[in-house]
Every structure is written in structure tokens, then in C-alpha cells.
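The values are calculated or read from the model by the stated rules, or taken from the named source; none is laboratory data. Since the model is a prediction, treat every value here as computed from it, not as a measurement. Cβ sites come from the backbone with ideal geometry, for glycine too, and all protein chains shown count toward neighbours.
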Amino acid sequence: MAEDDPDSRRLAELKERLQKARGNRQETPPPERQQSQLGIAFRLVTELLAAVIVGGGIGWALDRIFTTSPILLIVMFLLGIAAGMRNVMRTARQLNENQNGPRR
Amino acid sequence: MASPMEQFEVRPIVPLHIGRIDISFTNSSLWMCIVVVLIASVLTSGVSPRSLVPSRMQSIVEMTYMMVADMVRSAAGPGGLKFFPFVFTVFVFVLFSNLLGLLPLGVFPHVHPFTVTSHIVVTFALAIFIFAMVIVVGLFRHGLRFFSIFAPEVPIYMLVLLIPIEIVSFCSRPISLSVRLCANMLAGHTMLNVFGGFVIALATAGGALAGLSLVPMAALVAVSALEYLIGFLQAYVFAILTCIYLSDAINLHVSTHAEQPQH
């Protein structure tokens with residue numbers, strides 16, 4: 001009965017036509033895969049810098065509270081650099097996965 | 001000639017003061033209102049026909065919806081779909097602010113577009129809100145176990161060093177998130193302005209130099225096109241990072257596992 005309904009028949013036809021049209025076209029990759037080299041570089045730099053700034057900032061603030069200047073600033077700054085490296089590695093891994101598809 | 005940074009100046013339109021706090025209605029607030037009104041009207045007028053075969057407008061709105069829904073599902077898992085409305089709001093707001101700032105309204109006197117997202121205050125407010133939400137959601141879902149995201153799966157003696165590093169890395173998220181968006185907008189718009197300055201300076205120099213002004217003009221066209229792409233891409237990156245951070249809070253162990261396997 002449903003087949004006799006002109007609307008549902010037209011709908012089925014439309015679906016077929018759509019599928020045909022879509023089949024001829026390559027799926028566009030998600031925007032993150034189209035990211036330019038500059039964009040990637042910029043992203044890595046902000047990840048690195050942000051962690052260093054936060055680390056240094058926390059150290060500076062703690063130094064002011066405990067008046068231990070400049071020990072905590074130095075320690076937290078170094079930790080900030082380490083955290084920045086970790087951020088960069090994590091981001092690079094993410095970008096890799098986005099580009100090559102998830103690993104195995 | 002106007003300095004390239006003049007376009008980012010915040011000017012009060014309706015000066016308002018409560019005590020010593022300045023809450024003036026500025027050009028920034030005006031453009032935020034425009035962004036919100038435009039989003040609301042585009043989205044509602046787009047879907048209001050509710051036709052089975054969508055018009056162009058409806059198609060755009062539906063595609064945006066599907067794109068963000070796919071993004072949330074793939075980055076935060078099905079559990080993240082509860083946060084779809086939030087992510088969608090953030091994405092559309094950032095996208096419209098980025099794109100509206102590129103409108104060539106400067107040709108009219110006394111009118112010029114203002115990019116809301118080129119100010120670190122705005123992007124940082126968004127980022128710190130997301131950051132606070134991640135913590136609240138994480139604590140709410142997992143209680144104190146939420147803090148295990150600071151402890152990667154490594155030998156105990158390494159934790160002494162790694163936990164502070166992870167904490168600093170976690171705290172750096174709102175800063176990298178906001179600085180990235182803001183700096184991209186700032187750099188792009190300044191670049192456009194500087195190239196525009198070259199065109200005018202060369203064209204008014206007269207003689208053979210006037211012909212040379214076509215070179216920065218061509219560059220300007222290319223850079224403008226790039227700016228539209230960057231405006232979209234940055235909104236996308238902002239939204240997908242929101243999803244990734246939320247997914248850390250929602251699926252505590254899935255995400256820590258997914259991060260570990262390579263070695």
C-alpha cells in the first residue's frame with residue numbers, strides 16, 4: 001500500500017538519486033585535516049608557551065605568598081617547560097591521529 | 001593614516017558607570033549583540049520552513065548542526081551529547097564573531113566592523129568558563145576520582161615529578177585555548193590592514209608606483225580569502241578542543257587509556 005503512495009515513491013526515488021550523486025563525489029575531509037602548516041605550527045607554539053607562562057605565574061605567586069623568592073619561581077618555571085613539552089607531544093600525537101586515522 | 005591597531009579599540013557608545021565601575025555599552029558590546037541577534041535570526045528563519053527538501057538556508061543550518069553533532073560524538077563519545085547545546089552555542093558564537101569582523105563595512109564612513117574574538121578578555125572569559133565547567137562536570141561525575149587525570153599510568157616514583165607537570169599542563173589549557181583564537185584574529189586583521197595601507201600608499205604615490213599597487217592588492221585578495229578560512233577553522237578548533245576537554249571529564253579512563261598505548 002505504501003508503495004502506491006506517490007509521495008513515498010518520490011521520496012524513495014529522491015534517496016536513490018541523492019545516493020548516486022553522493023557516490024560520485026569524494027567525501028570532504030573534516031576541517032581539522034585541512035589545517036595549514038602555519039596553523040599547526042601556531043597551535044604547537046601556543047601550547048608550549050601557555051604552559052611555561054602558567055608554570056612561571058604559579059611559581060611567582062607562590063613565592064610572593066611564602067616569601068621564598070626565587071626558588072619556587074625557578075622550580076615551577078622548569079615544570080612549566082616540561083608541561084609545555086608534554087602538551088606539544090600530546091597535540092602532535094592528536095594531529096597525527098587526525099591525519100592518518102587512529103592507530104591500529 | 002590610522003594605525004593598524006586602531007580597529008581593535010574599544011570605544012564607549014553609551015557611557016554607564018556604577019560607582020567606580022565602568023559598564024559602558026561599547027562597540028564591543030554592540031557587536032556581541034549583533035552576533036547574537038544574527039545567530040538567532042539565521043537559525044530560526046533557516047529551520048522554520050521545516051521542508052523535507054531543504055532550501056539553501058535550511059541546508060546550511062542543518063549541515064552546521066550535523067557537523068557539530070558529529071564532532072561532539074567523535075571527540076567526547078555518546079555521553080558527550082548532553083553537552084551538544086553548549087558546544088554548538090560556543091561554536092556558532094565564535095564562528096559568527098570571526099566572520100562578522102571580516103565584513104567590508106569600512107567603506108561606509110563611521111562604520112567599521114569589530115571582531116569581538118580579537119580581544120583576549122572575551123576569549124579568556126569563554127575559555128575559563130569551559131575550564132570551570134570541565135572541573136565541575138568531572139567532580140560531579142566521578143567525585144574525587146576525577147583527580148586521577150593528573151596521574152598517568154607510570155611507575156610510582158615518576159608520579160612525584162609527573163603530577164605537578166600534569167597540573168601545570170591542565171592549568172595551561174584555558175590560556176592556550178584563548179590565546180590561540182585571539183592571536184589568530186589579531187594577526188589576521190592587522191595583516192589585512194597593513195596590506196590595505198600599502199595599496200593606498202602606493203596608489204596615491206602616483207607615476208609608475210601607482211601601477212605597483214596592484215601587487216599588494218592581489219595579495220590582499222588572497223589574504224582575505226585565507227582569513228575567512230582561518231575564521232572558520234579557529235571556531236572549529238575552539239569547539240573541538242572544548243569537546244576534548246569535556247571528554248576528559250566525562251570518560252575519565254577511556255581518555256587516559258587512549259592517550260597511553262604508544263611506546
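Count of segment B:75-115 residues, restricted to those that are in contact (Cβ under 8 Å) with a residue 24 or more places away in the chain and hydroxyl-bearing (S, T, Y), is 2. Taking each residue of segment A:52-74 that is within 14 Å of chain B (Cβ to nearest Cβ) and surrounded by 13 or more Cβ atoms within 10 Å (Cβ to Cβ) and looking for partners that are assigned to a helix (DSSP H, G or I) and charged (D, E, K, R) with beta-carbon atoms closer than 8 Å, six or more apart or interchain, yields A:L72/A:D63; A:L73/A:D63. The set of residues in segment B:149-173 being exposed (fewer than 14 other Cβ atoms within 10 Å of the Cβ) and of a type outside the set (A, V, I, L, M, F, W, C) consists of B:E153, B:P155, B:Y157.
When segment B:180-196 is filtered for residues that are buried (at least 20 other Cβ atoms within 10 Å of the Cβ) and at the interface with another protein chain (Cβ under 8 Å from one of its Cβ atoms), the ones remaining, listed by number, are B:R180, B:N184. Report yes if some residue within segment B:197-207 is farther than 28 Å from A:L78 by Cβ, under 28 Å from the mean Cα position of the chain (by Cα), more than 9 Å from chain A (Cβ to nearest Cβ) and assigned to a helix (DSSP H, G or I); otherwise report no. Yes: one or more hits.
Residue-by-condition table, conditions (1) of a type in the set (S, T, N, Q); (2) touching a residue at least 12 places away in the same chain (Cβ under 8 Å); (3) out of contact with any Asp or Glu (no Cβ under 8 Å at 6 or more places or on another chain); (4) within 12 Å of chain A (Cβ to nearest Cβ):
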residue: B:A218; (1), (2), (3), (4): no, no, yes, no
residue: B:I230; (1), (2), (3), (4): no, yes, yes, yes
residue: B:A235; (1), (2), (3), (4): no, yes, yes, yes
residue: B:T242; (1), (2), (3), (4): yes, yes, yes, no
residue: B:L246; (1), (2), (3), (4): no, yes, yes, no
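Restricting attention to segment B:64-74, does a residue exist that is away from chain A (no Cβ under 14 Å) and either touching a His at 6+ places or on another chain (Cβ under 6 Å) or of a type in the set (V, I, T) (or both)? No; the residues of segment B:64-74 include none that is away from chain A (no Cβ under 14 Å) and either touching a His at 6+ places or on another chain (Cβ under 6 Å) or of a type in the set (V, I, T) (or both).
Within segment B:3-49, the residues that satisfy the criterion of being surrounded by 16 or more Cβ atoms within 10 Å (Cβ to Cβ) and in contact (Cβ under 8 Å) with a residue 24 or more places away in the chain are B:P4, B:Q7, B:F8, B:N27, B:S28, B:W31, B:M32, B:I34, B:V35, B:I39, B:L43. On inspection, B:V111 qualifies as within 22 Å of B:V42 (Cβ to Cβ), modelled with pLDDT under 90 and of a type in the set (V, I, T).
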